[in-house]
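Values quoted throughout were computed directly from the atomic coordinates according to the rules given, and no laboratory measurement underlies them. All values reported here derive from a predicted model rather than from experimental measurement. Because the Cβ atoms are built from the backbone with ideal geometry, glycine has one as well, and the counts that use them run over all protein chains shown.
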Amino acid sequence: MPGLNVARTLERTYEGIATEWVDEILLVDDGSSDNTRELAEKLPIRVIWHPHNVGYGGTQKTCYLDALQRDADVVVMLHPDGQYEGEIIPKLVAPIVAGKADIVLGSRFLDPDGARKGGMPWWKRAANRFLTESENRLMGTELSELHTGYRAFSRQLLLEVPFLRNSLDFAFDTELLMQAAHFGFRFHEVPCATIYNNEASSVSFRQGVVYGVKSLGAGARLVLHRRGIWRSKKFQARSASASSPGRAPAPTSPTAPPPPTSGTGSPSAASSSSTAARASG
Ligand SMILES: Nc1nc2c(ncn2[C@@H]2O[C@H](COP(=O)(O)OP(=O)(O)OP(=O)(O)O)[C@@H](O)[C@H]2O)c(=O)[nH]1
Ligand SMILES: [Mg+2]
């Protein structure tokens, strides 16, 4: 959990976590000015604190580094501001444990009216849809939401994707998805509820615009990298041997058509879907 000033919601978030599926819970306190750290240290969780605020992406870097070094097989990112249900962690983890996916996204858009009913502001819904559609085209995926803060990753993905090269701010999230698609990792999504209330932290309109522009910028860098016009270290594998057998090679076309839904997802989650970004032409 990457956390900034989440004293009001941390305990409730912790209590919602399906602990029977979780070996260890980590909170990285990103230099909060409230008593997030003191509260976290009273809970039976691992706490790491930044001496100064680094940003949402920088906080995730600390989260994933620590998880990898503590031998996690599957890593789930859950926002501690209470906007996602910890109860459904098993649904995010199961496809990875079963070897059917490398990254699982909790989508608030698989239920077509869920985001509106859950209180997501109209401009965030519109921006989310527009960005998701644009990024799907670039990545060769057909996912319903690419801007969720609820994600599970396999250890293999976090080892291979050079996430430490990503932005310190919110663009980190988009960059990580683009990297996962570029390296041919398999995506899966499961429905999750939309929860907006006064206690949750939320990006402002200005932050949202900056995030949207940076997300499209990350897509542009992916295209330029694939065309060999402007290489980015974000899309360079850590070594030539990094590709795993059974995974598609990194796509070479910047506008690869979306693949058919593979149907390899959890059979119990009828409205979930899987897709693998893959090469074409
Ligand atoms: N805004 C912000 N959040 C941080 C930072 N570091 C860690 N976080 C945590 O990152 C999570 C996501 O930030 P939010 O501002 O809620 O953004 P969001 O949930 O993606 O967007 P909304 O849909 O507007 O709520 C929260 O749980 C924060 O506690 C930081 O520097 N800035
Ligand atoms: Mg939030």
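Where does the charge balance sit around LEU68 when Lys and Arg score +1, Asp and Glu -1, over other residues with C-beta under 15 Å from its C-beta? That sum, taken over residues with Cβ under 15 Å, equals -2. If you model the stretch 1-80 as an ellipsoid using its alpha carbon gyration tensor, with each semi-axis the square root of five times an eigenvalue, the axes come out at 18, 16, 10 Å, biggest first. Summing Lys and Arg as +1 and Asp and Glu as -1 over all other residues whose Cβ lies under 12 Å from the Cβ of LEU177 gives a net charge of -4.
For a modelled paramagnetic label at TYR196, 7 Å from Cα along Cα-to-Cβ, the residues of the stretch 118-151 in reach, with backbone nitrogen under 13 Å, are 118-129.
Taking Lys and Arg as +1 and Asp and Glu as -1, the other residues whose beta-carbon sits under 11 Å from that of VAL104 total +2. FRET efficiency for the VAL97 to PHE205 pair, using the beta carbon distance and R₀ = 41 Å, is estimated at 0.55.
Here the contact order of the stretch 145-222, divided by its residue count and restricted to Cα pairs under 8 Å and six or more residues apart, works out to 36 percent. Any idea what % of Cα-Cα pairs in the stretch 71-212 are farther than 20 Å? Pairs farther apart than 20 Å: 46 percent.
A convex hull fitted to the Cα coordinates of the stretch 59-117 yields 109 cubic angstrom per residue. In terms of packing, defined here as the mean over residues of other Cβ atoms within 10 angstrom, the peptides 199-211, 128-140, 152-164 line up highest first as 152-164, 128-140, 199-211. For the stretch 32-46, the residues whose backbone nitrogen is under 11 Å from a point 7 Å from the Cα of THR19, taken along Cα to Cβ, are 43-45.
Hydrodynamic analysis of the stretch 132-218 uses the Kirkwood radius over alpha carbon pairs. Inserted into Stokes-Einstein at 4 °C and 1.567 mPa s, it gives a translational diffusion coefficient of 91 µm²/s.
Once the convex hull of all Cα atoms in the stretch 163-204 is built, its volume per residue stands at 101 Å³. Taking each of LYS124/LYS234; LYS42/LYS100; LYS42/LYS234; LYS91/LYS233; LYS61/LYS91 in turn, the alpha-carbon distance tops 30 angstrom for LYS42/LYS100; LYS42/LYS234; LYS91/LYS233. Kirkwood hydrodynamic radius computed over the stretch 1-134 comes to 16.1 Å, based on all pairs of distinct alpha carbons.
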